[in-house]
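The structure appears right after this line, and notes come after that.
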Amino acid sequence: MSDILEQIRKNVIEGRIDSADEGFDGDMAGEPGVIELVNRGLEDSLSPDTILNEAVSPGMEEVGRRYESGEYLIPDMLAAAECVSEATKILEPLLVDGDINSRGKFIIATVEGDLHDIGKNIVSTLLRGAGFEVEDLGVGIEAREVVNAVEKSQAKFLGLSALLTTTMGHMEEVIELLHENGLRDKIFVCIGGAPTSQEFAEKIGADLYGADAFDAINKLEAIA
């Protein structure tokens, strides 16, 4: 791995967006962060997909390992996810221009009555970093709006998020409406959120359950 790629990877792990960020140890202010390093890599003729696949994604994978082991907490994961988001903002237009193959269109939403978006936003960021085209509908989205978006976009994947037991039932409502509109067999449905489980996913007829953002991405990468 080139030095610039290793620096990008390390700064994703440190959650440093730019040179103003101090890093977890508080002693890195003034050093280039992810934004500066990604731009420097492009100036050095590194391809966008190389930066994404050999620096940004491996950095976030390491964050996932540290989170799962308990070394990192949610704020650490959020900081790293924001780095990935900023990197993909720079790289995404170039990836499109370079005709890099997409893994498919992915619609994601937090279901009706639920306004929580942290988990959904992390998944959206990681999906973009993994090569999916993401359309984020937002929070509190009614079943009919979700289904309309699926029909309009002809997306391959649908992600539904809920953080409340009182709103998770709307996931089943979306799936039933997909059936009624002849769309269920055309889309892969993923669910996640604190009150959901593998058993719930099977009960409502979802295709995939993600215990957390990293679990969801790992499972999706295995099939897409």
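Quick look at the numbers
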quantity	calculated
Arg65 vs. criteria closer than 15 Å to Asp3 by Cα, of a type outside the set (Asp, Glu) and open to solvent by 50 Å² or more (accessible area, probe 1.4 Å)	no
Within the range 108-133, considering residues that are touching a residue at least 40 places away in the same chain (Cβ under 8 Å) and part of a strand (DSSP E or B), the one nearest to Leu220 (Cα to Cα)	Ile108
Complete set of residues in the range 143-177 that are touching a Gly at 6+ places or on another chain (Cβ under 8 Å), open to solvent by 80 Å² or more (accessible area, probe 1.4 Å) and farther than 13 Å from Glu112 by Cα	Lys156
Unmet criterion (only one of (1) more than 23 Å from Lys219 (Cβ to Cβ); (2) at pLDDT 85 or above; (3) assigned to a helix (DSSP H, G or I)) for Pro93	(2)
Residue among Phe214, Phe157 that is of a type in the set (Phe, Trp, Tyr), out of contact with any Lys or Arg (no Cβ under 6 Å at 6 or more places or on another chain), at pLDDT 95 or above and under 28 Å from Pro93 (Cβ atoms)	Phe157
Lone unmet requirement of (1) open to solvent by 50 Å² or more (accessible area, probe 1.4 Å); (2) assigned to a helix (DSSP H, G or I) for Glu31	(2)
Meets criteria (surrounded by fewer than 18 Cβ atoms within 10 Å (Cβ to Cβ) and of a type in the set (Ser, Thr, Tyr)) for Ser47	yes
Residue that is nearest to Gln154 (Cα to Cα) [pool: residues in the range 98-118 that are open to solvent by 40 Å² or more (accessible area, probe 1.4 Å) and at pLDDT 80 or above]	Lys105
Where Leu5 falls short, out of the listed (1) more than 25 Å from Arg103 (Cα to Cα); (2) of a type outside the set (Val, Ile, Thr); (3) assigned to a helix (DSSP H, G or I)	(1)
Unique match (being at negative phi, in contact with a strand residue (DSSP E or B) (Cβ under 6 Å, 6 or more places away or on another chain) and open to solvent by 10 Å² or more (accessible area, probe 1.4 Å)) among Leu137, Leu126	Leu137
Criterion violated by Pro75 - all others in (1) exposed (fewer than 14 other Cβ atoms within 10 Å of the Cβ); (2) in a loop (DSSP other than H, G, I, E, B) satisfied	(2)
Number of the condition not met by Leu46 [criteria: (1) at pLDDT 90 or above; (2) part of a helix (DSSP H, G or I)]	(2)
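The values are calculated or read from the model by the stated rules, or taken from the named source; none is laboratory data. The structure presented is a predicted model; accordingly, all values stated were derived computationally and were not measured. Every residue, glycine as well, gets a Cβ built from its backbone with ideal geometry; the counts of neighbours run over all protein chains shown. In case anyone asks, the SASA skips ligands and DNA or RNA and just uses the protein heavy atoms, side chains included. Shrake-Rupley method; radii C 1.70, N 1.55, O 1.52, S 1.80 Å.
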